[in-house]
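Peer 1: Dropping a structure here in structure tokens format, bear with me for questions.
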Amino acid sequence: MQKIELKNLSKSYGRNEVLSNLNLTLEGNRIYGIIGENGTGKSTLLRLISGLARPSRGSVTVNGQTTAEGRRNQVAYLSDQEMLDKFSTLAYQIKFHENMIPGFQTNRVYEMLDMIKLPVDGKIKNLSKGHRNLFNLVLTLANPAPILIMDEPLSGIDTNKKEDLMQLLSSFTLDEERLILFATHEYDEIEFLIDGLIVIKGTNVAYFTEDLEEMRIEQGKTIQQIFKEVTQ
């Protein structure tokens, strides 16, 4: 079973404290969403978990791994920044990832690209921003790492494509026993996708539930309503 543990986790840049004394445990083959206002440290938290940033204080443990290198080996990370060579083709990038990542699921990439109608012989520079983001997401999903960490994965993607992607995310957690954690500002889009919800306010976790459906049944609140209540 996948597991992420944060203990007294803090991160500062100079005198600016971005995250303060976070204590949180995420586990199971579940999808967790992180929401919060801009500048509340959502991206920083994802980078800390992924082994791409060092804590100022406290610890991050991912599937028993406490070092940055150990955490990186457990995680497939999707940045909110475009990282691919725009002058290469999709086919080249697929082959590149296949050569660089042991166990990369090339067949699933082609299945997903066929579903969303992206031609592999086209160049990345000719894709719209939404389609480039979509392709990046497909490459991340094909990484066999047990934990997927994604920063704004739905950004710029057409509504009709988002529905396909959300079905993919759900199937990946169920079929392959993965844990998915992502930050987003599109609350309405993830209402019935995520299992657990994390709301960050200021420098700390202001709200957490690992069973959003149960909370919805008991309290009848949407994610948007929870966010407004917590951040007021």
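Peer 1: Would you mind computing Rg(Cα) / (2.2 N^0.38 Å) for the chain, counting N as its residues?
Peer 2: Details: Rg = 17.5 Å, N = 232, 2.2 N^0.38 = 17.4 Å.
Working it through for the chain, the quotient is 1.01.
Peer 1: Between K95 and N8, with labels modelled 7 Å along Cα→Cβ, what's the label distance in nm to one decimal, could you check?
Peer 2: Output for this residue pair reads 5.2 nm.
Peer 1: Hey, rough spin-label estimate for K123 and R108, points 7 angstrom out along Cα→Cβ, what's it come to in nanometres?
Peer 2: Placing both labels 7 Å along Cα→Cβ, they lie 3.1 nm apart.
Peer 1: So, by mean Cβ neighbours within 10 angstrom, what's the order for 137-147, 92-102 with the highest one leading? Please list the in-between numbers first.
Peer 2: Details: 137-147: 20.4, 92-102: 14.4.
The densest-packed peptide leads the list: 137-147, 92-102.
Peer 1: Quick one: work out the % antiparallel among DSSP beta bridges in the chain, nearest 5. Spell out each step's value before the answer.
Peer 2: Numbers: 20 of 38 bridges.
For the chain, the DSSP antiparallel bridge percentage is about 55.
Peer 1: Which value in nm describes the separation of the simple spin-label points at M1 and N204, placed 7 Å from the Cα toward the beta carbon?
Peer 2: Taking the two extended label points, one gets 2.7 nm.
Peer 1: What Kirkwood Rh does the stretch 76-213 have if only Cα atoms enter the pairwise 1/r average? Answer in Å. Please report the intermediate quantities before stating the final value.
Peer 2: Details: mean 1/r = 0.0633 Å⁻¹.
Here the Kirkwood hydrodynamic radius works out to 15.8 Å.
Peer 1: Same structure again: Going by accessible area, probe 1.4 Å, with all protein chains left in place, what is the ranking of K221, K228, largest first?
Peer 2: Working: K221 55, K228 110 Å².
Largest accessible area first, the list is K228, K221.
Peer 1: Please report, to two decimal places, log10 I(q)/I(0) for the stretch 35-117 at q = 0.19, 0.23, 0.27 Å⁻¹ as given by the Debye formula with identical point scatterers on the Cα atoms and no solvent.
Peer 2: Rounded to two decimals, the profile gives -1.01, -1.13, -1.26.
Peer 1: Can you give me the % of accessible surface on the stretch 125-232 that is carbon or sulfur? Probe 1.4 Å, all protein chains present, nothing else counted.
Peer 2: Numbers: 2070 of 4660 Å².
C and S fraction of accessible area: 45 percent.
Peer 1: Turning to a different aspect of this structure: Per 5 Å bin, what percent of the C-alpha pairs of the stretch 186-232 does each bin hold, from zero upward?
Peer 2: Per 5 Å bin, starting at zero, the Cα-Cα P(r) for the stretch 186-232 comes out as 5, 21, 36, 27, 10, 2 percent.
Peer 1: In addition: Multiplying the sequence separation of T25 and M115 by 0.36 nm and subtracting their Cα-Cα distance, what value in nm do you get?
Peer 2: Value of the extension gain: 28.9 nm.
Peer 1: Only bridges whose two residues both fall in the stretch 97-232 count here: according to DSSP, what percent of them are antiparallel, nearest 5?
Peer 2: Working: 5 of 10 bridges.
Taking every DSSP beta bridge with both residues in the stretch 97-232, the antiparallel ones total about 50 percent.
Peer 1: How long is the gain from Q65 to S155 if the chain were fully straight, where each residue apart is worth 0.36 nm and the alpha carbon distance is subtracted? Display every interim value, and only then the final one.
Peer 2: Details: separation 90, 0.36 × 90 = 32.40 nm, distance 3.02 nm.
Residue separation times 0.36 nm, minus the Cα-Cα distance, leaves 29.4 nm.
Peer 1: Give the cross-link partners of K129 among the aspartates and glutamates, using a straight C-alpha distance below 14 Å as the criterion and excluding same-chain residues fewer than 8 apart.
Peer 2: K129 reaches D80, E82, D85, E152, D158.
Peer 1: OK, next. Quick one: grab Rg to one decimal and Dmax as a whole number for the stretch 16-70, Cα atoms only, in Å.
Peer 2: Expressed in Å, the Cα Rg and Dmax of the stretch 16-70 come to 11.7, 34.
Peer 1: Using Stokes-Einstein with the Kirkwood hydrodynamic radius over Cα pairs, what translational diffusion coefficient do you get for the stretch 91-138 at 4 °C and a viscosity of 1.567 mPa s, in µm²/s rounded to a whole number?
Peer 2: Details: Rh = 11.1 Å.
This corresponds to a translational diffusion coefficient of 117 µm²/s.
The values are calculated or read from the model by the stated rules, or taken from the named source; none is laboratory data. These numbers were taken from a predicted model, which means no experiment stands behind them. Reconstructed Cβ throughout: ideal geometry from the backbone, glycine too, with neighbour counts over all protein chains shown. For the accessible areas, the whole protein counts, side chains as well, though only heavy atoms, and no ligand, DNA or RNA atoms are used. Shrake-Rupley method; radii C 1.70, N 1.55, O 1.52, S 1.80 Å.
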